[in-house]
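Structure first, then comments.
The values are calculated or read from the model by the stated rules, or taken from the named source; none is laboratory data. In this text, all values refer to a predicted model and were calculated from it rather than measured experimentally. Cβ: placed from backbone, ideal geometry, glycine included. Neighbour counts: every protein chain shown.
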Ligand code: BG6
């Protein structure tokens, strides 16, 4: 189907680092020759301007700029006239804009009629700053767009290994049998990053680690681990299953949460005395019968010792000399690894830890999460996109921490850049 992809915020960081490279990869497959990309910005630009010249001929030929002021209603009318909304193609409006800017764009798209049934709205996070603002944002969106046409992007759900969590649980009897509190005692979901602020000062100062990564990315990964897998499972229903898993979580308590900041952050952010956390962790519990008494530890931070996202499933021990961990490595070096004990070869009765591992062959290229997101939005497949209810359920669980931290003006604990995740918040 003929698709016009409008990118609001095409000159921004996300577009340069993720979107345009993903589009470049998609176009290379020759399966999307009907795709046209319209880069919206205040000034006349080419794809090459955004990608600093690292642009393929194909992307260049598919890219056209549209200059407009996104606050000006007349400019939307001009945009509408250029789109032929009555044809049989579709339009994807992708909002890759700073927080706060999307509301107005959604409203102007709606008011000027760029919300016909063949228009899809693709939104980047943050979806609100807390529960209340997320409700308001949903109301604003639903004023102009039907939920079936709204695609909220959480690119962690679209990572190849995240998609594998359900595939792996569903297709391997061994794991289906032990996926409950009889066998599992703790689940960790950890995303550590080596990078710091990277110039996103204003955004990060208002956001912090809990909102930026934990509330969306980590909660979504957790929901994939916890969701119930009915016999008649279908990918079309996976969002409803994720939602149920999130709604079954108990509200977080501030006693089970911790925030910290890397040394030097406040100066870098230009805000001495900043209370913004660059590391956040929280332990959660579920009311679902199969997860009673299992703890879920979520942690994320910037300026840490390594870039990795991993889910670690800790199995209960029958006696002290045991310990099995199943690690689902989301990135990098995507893998599923089972850590287990084996007898050390030799005359002594000693044990050593070994791994059973699944990794991809070295020559396998995994599609980037943004390629999945764009392809699925074009094809109207919604399973990789969190629904408004999932977003609200996640905010609701974490709201007690947000409230408590907002009232607390003591400085977060400090950690040295390059610290290991497990060394932080261990007081
Ligand atoms: C984004 C956050 O959503 O995810 C960033 O805003 C973070 O702060 C990024 O760095 C991490 O994504 P990835 O795919 O590089 O792990």
(request) Scan the range 359-367 and give yes if some residue there is without any contact (Cβ under 8 Å) to a residue 60 or more places away in the chain and in contact with a strand residue (DSSP E or B) (Cβ under 6 Å, 6 or more places away or on another chain), otherwise no. (result) yes
(request) Filter the range 37-49 down to the residues that are in contact with a strand residue (DSSP E or B) (Cβ under 7 Å, 6 or more places away or on another chain) and crowded, with 16+ Cβ neighbours inside 10 Å, then identify the one that is nearest to residue 3 (Cα to Cα). (result) 37
(message) Can you say whether residue 309 is without any contact (Cβ under 8 Å) to a residue 12 or more places away in the chain, under 22 Å from the mean Cα position of the chain (by Cα) and either assigned to a strand (DSSP E or B) or surrounded by fewer than 16 Cβ atoms within 10 Å (Cβ to Cβ) (or both), as far as the supplied structure shows?
(response) no
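Is it the case that the range 71-94 has a residue that's within 16 Å of the ligand (Cβ to nearest atom), at negative phi and surrounded by 15 or more Cβ atoms within 10 Å (Cβ to Cβ)? It would help to see each step written out before you state the result.
First, the residues of the range 71-94 that are within 16 Å of the ligand (Cβ to nearest atom): 94.
With at negative phi added as a condition, the list becomes 94.
Subsequent filtering for residues that are surrounded by 15 or more Cβ atoms within 10 Å (Cβ to Cβ) retains 94.
Scanning the range 71-94, I find at least one residue that is within 16 Å of the ligand (Cβ to nearest atom), at negative phi and surrounded by 15 or more Cβ atoms within 10 Å (Cβ to Cβ), so the answer is yes.
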(request) Being under 30 Å from residue 381 (Cα atoms) and either over 21 Å from the mean Cα position of the chain (by Cα) or at pLDDT 95 or above (or both) narrows it down to one of 274, 281, 234, so name that one. (result) 234
(request) For the range 92-120, enumerate the residues that are over 26 Å from the mean Cα position of the chain (by Cα) and assigned to a helix (DSSP H, G or I). (result) 108, 110, 111
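Okay, residues lined up against (1) within 27 Å of the chain's Cα centre (by Cα); (2) at pLDDT 95 or above:
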{"site": "292", "(1), (2)": "yes, yes"}
{"site": "302", "(1), (2)": "yes, yes"}
{"site": "328", "(1), (2)": "yes, yes"}
{"site": "340", "(1), (2)": "no, no"}
{"site": "362", "(1), (2)": "yes, no"}
(request) Would you point out the residue of the range 255-294, among those that are closer than 21 Å to residue 162 by Cβ and in a strand (DSSP E or B), that is farthest from the ligand (Cβ to nearest atom)? (result) 286
(request) Give the residues of the range 121-144 that are closer than 24 Å to residue 78 by Cβ, modelled with pLDDT of 95 or more and surrounded by fewer than 21 Cβ atoms within 10 Å (Cβ to Cβ), sorted by residue number. (result) 143, 144
(request) Could you check how many residues of the range 251-273 are surrounded by fewer than 20 Cβ atoms within 10 Å (Cβ to Cβ), farther than 13 Å from residue 419 by Cβ and in contact (Cβ under 8 Å) with a residue 24 or more places away in the chain? (result) 9
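Filter the range 199-213 down to residues that are assigned to a helix (DSSP H, G or I) and surrounded by fewer than 18 Cβ atoms within 10 Å (Cβ to Cβ) and give me whichever is nearest to the ligand (Cβ to nearest atom). Lay out the reasoning, then the answer.
Here is the first cut: in the range 199-213, the ones assigned to a helix (DSSP H, G or I) are 201-213.
In the following step, the residues that additionally are surrounded by fewer than 18 Cβ atoms within 10 Å (Cβ to Cβ) were identified as 201-203, 205-206.
Numbers: 201: 12, 202: 13, 203: 8, 205: 13, 206: 12 Å.
Selected residue: 203.
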(request) Taking only the range 329-366 into account, find how many residues are within 26 Å of residue 243 (Cα to Cα) and in a loop (DSSP other than H, G, I, E, B). (result) 1
(request) Go through the range 136-162 and give me each residue that's out of contact with any helix residue (DSSP H, G or I) (no Cβ under 7 Å at 6 or more places or on another chain), in a helix (DSSP H, G or I) and within 19 Å of residue 118 (Cβ to Cβ). (result) 142, 148, 149
(request) Collect the residues in the range 32-59 that are in a loop (DSSP other than H, G, I, E, B) and either within 16 Å of residue 370 (Cα to Cα) or touching a helix residue (DSSP H, G or I) at 6+ places or on another chain (Cβ under 6 Å) (or both), keeping them in residue-number order. (result) 32, 51, 55, 56
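Assess whether residue 188 counts as being within 30 Å of residue 266 (Cα to Cα), more than 12 Å from the ligand (Cβ to nearest atom) and part of a helix (DSSP H, G or I). Explain how you work it out, then say what you get.
On the way: within 30 Å of residue 266 (Cα to Cα): yes; more than 12 Å from the ligand (Cβ to nearest atom): yes; part of a helix (DSSP H, G or I): no.
Criteria not met by residue 188.
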(message) With farther than 18 Å from residue 385 by Cα, touching a residue at least 24 places away in the same chain (Cβ under 8 Å) and either within 13 Å of the ligand (Cβ to nearest atom) or not in a helix (DSSP H, G or I) (or both) as the only criterion, which of 216, 196 stands out?
(response) 196
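Give the number of residues within the range 174-198 that are under 17 Å from residue 424 (Cβ atoms) and modelled with pLDDT under 95.
2
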(message) Here are the criteria: (1) farther than 16 Å from residue 398 by Cβ; (2) away from the ligand (no atom under 16 Å from the Cβ). Tell me which single one residue 245 does not satisfy.
(response) (1)
(message) Suppose we keep only residues that are closer than 18 Å to residue 379 by Cα and in contact (Cβ under 8 Å) with a residue 40 or more places away in the chain within the range 14-29. Which one would you say is surrounded by the fewest Cβ atoms within 10 Å (Cβ to Cβ)?
(response) 25
